[in-house]
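J.: Mind having a look at this structure? Questions to follow.
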Amino acid sequence: MVAFVVLTVPLFTWAVYILLFSVLTAMAISSCLPLRQVFKRAFLIEVPLVLILIPLPFLNQTAPLKALDWWGITLHISWSELLRVGVLMLRSWLIIFSMVLFTLTTPAGELLTSLSDLHVPAVLVTVISLMWRYLALFVDDSQKMVAARELRSVPARRGKAGRFAQNIKSAGSILGSLFIQAYDQSERIYQAMQLRGFDGTLRSWKKEPLQNAQKLQMLALLMVGILFIMGAYGIDGK
């Protein structure tokens, strides 16, 4: 719902963004979640998007422009494009914040059951479920590979730059080996599941249908989201 509201409201409705941030922060506090951990996860997920958006103010030359001199290199930055990039980063961070909050307060089993009740395609639910179940196994394999590399390698003696280059090279080898191992292991797991009668649908004995109270809560959240959107367009004057 937060993603729907953020993507629907006009770009420069700052009051709505502040209100959404306040609501999400209040929900995190009421759920007894450590705010530092929540913010840390949200910012870490935001990093790839930031790296993509940073060059835009320098590439899209929209007036007004500002000239910046760095070590003899002159760069022209667009203030309007910089403001637009800042808004896009804020919008994406609010969506990520809501997703992090949702995953920290909802068990994985209930999340997958809710996706099935919302008629999400069974193939997508199955893929998410298998990824969640075997993620810990792949993380454990990667930690074993890192430990084996540290035990079998000699530290570089060329300073920080040499150690950084050595870590990059070894990380590439570990990722390649982990990819091949994950592919082989997925084939073995799929064959074992087929031999045990897997027909493409994961079933759970704890599955419970949505209650009327839960449906009313979803309807109330939908109405609140619509009110947010209407208020945003009223503030924006459109």
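Bear in mind that the values in this text are calculations on the coordinates, not laboratory data. Computed from a predicted structure; not experimentally measured. Neighbour counts run over all protein chains shown; Cβ positions are idealised from the backbone, glycine included.
J.: Only counting other Cβ atoms within 10 Å, I'd like TYR183, TYR233 sorted with the fewest neighbours first.
T.: Arranged by neighbour count, lowest to highest, TYR183, TYR233 become TYR183, TYR233.
J.: Taking θ = phi - 60°, what integer Hz values does the Karplus form 6.51 cos²θ - 1.76 cosθ + 1.60 yield along the stretch 20-29, in sequence order, with x for Gly and Pro?
T.: Listing the rounded values in order: 5, 4, 5, 5, 5, 5, 5, 5, 5, 5 Hz.
J.: For the stretch 131-136, what does the Karplus curve 6.51 cos²θ - 1.76 cosθ + 1.60, with θ = phi - 60°, yield as ³J(HN,Hα) per residue in whole Hz, taken in order and with x for Gly and Pro?
T.: Values per residue, Gly and Pro as x: 4, 5, 5, 9, 5, 4 Hz.
J.: In addition: Given a Förster distance of 30 Å, report the FRET efficiency between VAL120 and ALA171 from their Cβ-Cβ distance, rounded to the nearest 0.05. Walk me through the intermediate numbers first.
T.: On the way: r = 35 Å, r/R0 = 1.16.
Efficiency, rounded to the nearest 0.05: 0.30.
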